[in-house]
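Take a look at the structure below.
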Amino acid sequence: PSSGKVKLFTHLSIKEDSHTLFGFAEMEEKNMFLLLTSISGIGPGTALTILSYANVSELTQFIHTNDARSIQAIKGVGAKTAQRLILELKDKVGKINGDSLLNVTTLNSERNKLKQEALNALVSLGIVKNTAEKTLDNIFKTEGYDLPLEKIIKQALKQNY
């Protein structure tokens, strides 16, 4: 048995009747999934279908070129949904250096949310807010933003006690 490591980006969808975990190989793919499911008429199933038909780069290209026909070619996506997808995501999906990248604001809001959750947890554990903020900045600078919340909090506690 091989023990190769794999990094998986997940999203837990909690509904009244179910808890569903979605996994993605790339953070960009997860972010696109979240953007797609934010559109009225596109649920997790349709979002996965769209992402299995077109990768993030292709989908970004379709959106920027108003290529509703290519989006409509995806099973389960009609003309109105394709138009809504283009209209709602045009400003949220950016194009940089020819590579598709989700808009920096989407990424920053996820990062800010993660930092805020960690900060709230540390303050509730008795760490002074300014100290906690500096510690978190150092952790994000050295480790990046891919750590789970629990690990961020543990590292911050280690650095402060």
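The values are calculated or read from the model by the stated rules, or taken from the named source; none is laboratory data. Predicted model, so just to flag it, every value in this text is computed and none were measured. Methodologically, a virtual Cβ is constructed for each residue, glycine included, from the backbone with ideal geometry; neighbour enumeration extends over all protein chains shown. Each accessible area value is taken on the protein alone, full model and side chains, heavy atoms only, with ligands, DNA and RNA left out. Shrake-Rupley method; radii C 1.70, N 1.55, O 1.52, S 1.80 Å.
Within segment 141-161, count every residue that is out of contact with any helix residue (DSSP H, G or I) (no Cβ under 7 Å at 6 or more places or on another chain) and either in a helix (DSSP H, G or I) or open to solvent by less than 40 Å² (accessible area, probe 1.4 Å) (or both).
So the count comes out to 10.
Just give me the residues in segment 12-23 being within 25 Å of G78 (Cβ to Cβ) and either touching a residue at least 12 places away in the same chain (Cβ under 8 Å) or surrounded by 12 or more Cβ atoms within 10 Å (Cβ to Cβ) (or both), in sequence order.
S13, T20, F22
Quick one: L35 ticks every box in (1) open to solvent by 50 Å² or more (accessible area, probe 1.4 Å); (2) touching a residue at least 40 places away in the same chain (Cβ under 8 Å) except a single one, so which number is it?
Among (1) open to solvent by 50 Å² or more (accessible area, probe 1.4 Å); (2) touching a residue at least 40 places away in the same chain (Cβ under 8 Å), the lone unmet condition for L35 is (1).
Just to be sure before I move on: is L122 out of contact with any strand residue (DSSP E or B) (no Cβ under 8 Å at 6 or more places or on another chain), under 30 Å from Q159 (Cβ atoms) and either at pLDDT 90 or above or open to solvent by 60 Å² or more (accessible area, probe 1.4 Å) (or both) in the structure I sent?
Here the answer is yes, as L122 does meet what is asked.
Checking S3 against (1) of a type in the set (S, T, N, Q); (2) under 28 Å from R111 (Cβ atoms); (3) exposed (fewer than 14 other Cβ atoms within 10 Å of the Cβ); (4) modelled with pLDDT under 90, only one condition comes out false. Which one?
S3 satisfies all of (1) of a type in the set (S, T, N, Q); (2) under 28 Å from R111 (Cβ atoms); (3) exposed (fewer than 14 other Cβ atoms within 10 Å of the Cβ); (4) modelled with pLDDT under 90 except (2).
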